[in-house]
Amino acid sequence: MPKSKTQYVYEWLREQIVQGKLSPGEPIRQQYVAQTLGVSFTPVREAIRRLESVGLVSHSDNHGASVNELSPDAIQELYLLRGVMEGLGARLAARKYSQDELLELESIHTEMSQLLDSDEAVGGQLASLSREFHAKINMIGGSAVIAPRVQEIWATFPIPRSQTLWDSKSHAAQAFAFHGQILQAFRERDSSTAAELMERHIAASAEYRSARSF
């Protein structure tokens, strides 16, 4: 089924935000978007309203629509929410994963290990694999409720890919170590430890992001 014009504009704008081409606080110029995409103002306005509803865009009477700026408190809350939900996902997943699912997680972990040994700039690839690792655990643990809710949190977390924490070798090493410990807890079917490690892992990422200046 062909995309509607509103969906087309929505996806384009969202990608501009995620890629960092539209920065936090930057106004969204409706005329520019409409001309660039060859659409009328109506789907642009509707797309902006959708972006507002998921927290990527804010609107003021004086300045119109602009890319949402997350305060340090808001970032902390988002990471805390992720920690609680993904901790629960890890707890449930550690109890009921299949051997095939464990092998998939270990395969992702191995691929990340190989990238970490590379001298090339691989932060984006590591970030993508990390997201896959977390998403897999959430799907195993709670495909009906937990995984979709976490996806919503990720979708409304407007941090550009260019600002990935995986560009930092120290953070990458720490996060990768957490992944390995979570996997070991899975192998032992230790659901409590898996949940605790997942929460600590996400809390450590929140602390690192709060301390890092982009």
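Each residue in the range 43-59 was checked for being crowded, with 17+ Cβ neighbours inside 10 Å, at negative phi and in contact (Cβ under 8 Å) with a residue 60 or more places away in the chain, and 1 pass.
Identify, please: which residue in the range 2-42 is in contact with a strand residue (DSSP E or B) (Cβ under 7 Å, 6 or more places away or on another chain) and either part of a loop (DSSP other than H, G, I, E, B) or of a type in the set (Asp, Glu) (or both) and is, among those, surrounded by the fewest Cβ atoms within 10 Å (Cβ to Cβ)?
Of all residues in the range 2-42, those in contact with a strand residue (DSSP E or B) (Cβ under 7 Å, 6 or more places away or on another chain) come to 17, 22-28.
Narrowing the set further to residues that are either part of a loop (DSSP other than H, G, I, E, B) or of a type in the set (Asp, Glu) (or both) leaves 22-26, 28.
Details: Leu22: 23, Ser23: 13, Pro24: 16, Gly25: 11, Glu26: 13, Ile28: 20.
Among them, the one singled out is Gly25.
Would you mind stating whether Ala74 is within 16 Å of the chain's Cα centre (by Cα) and modelled with pLDDT under 95?
On the way: within 16 Å of the chain's Cα centre (by Cα): yes; modelled with pLDDT under 95: yes.
Answer is yes for this residue.
Whether any residue in the range 9-17 is under 30 Å from Glu199 (Cβ atoms) and either at pLDDT 95 or above or not acidic (Asp, Glu) (or both) is what I want to check.
Our first condition is that a residue be under 30 Å from Glu199 (Cβ atoms); within the range 9-17, this holds for 14, 17.
Those left that are additionally either at pLDDT 95 or above or not acidic (Asp, Glu) (or both): 14, 17.
Within the range 9-17, one or more residues are under 30 Å from Glu199 (Cβ atoms) and either at pLDDT 95 or above or not acidic (Asp, Glu) (or both).
Of the residues making up the range 115-164, just one is open to solvent by 40 Å² or more (accessible area, probe 1.4 Å), at pLDDT 95 or above and under 12 Å from the mean Cα position of the chain (by Cα), namely Glu132.
Scanning the range 165-201 for residues that are open to solvent by 20 Å² or more (accessible area, probe 1.4 Å) and of a type in the set (A, V, I, L, M) gives Ala173, Ala177.
The values are calculated or read from the model by the stated rules, or taken from the named source; none is laboratory data. From a predicted model like this one, the values you see are computed outputs, not experimental measurements. Note that we place each Cβ from the backbone using ideal geometry, even for glycine, and neighbour counts take in every protein chain shown. Side chains included, ligands, DNA and RNA excluded: accessible areas come from the protein's heavy atoms. Shrake-Rupley method; radii C 1.70, N 1.55, O 1.52, S 1.80 Å.
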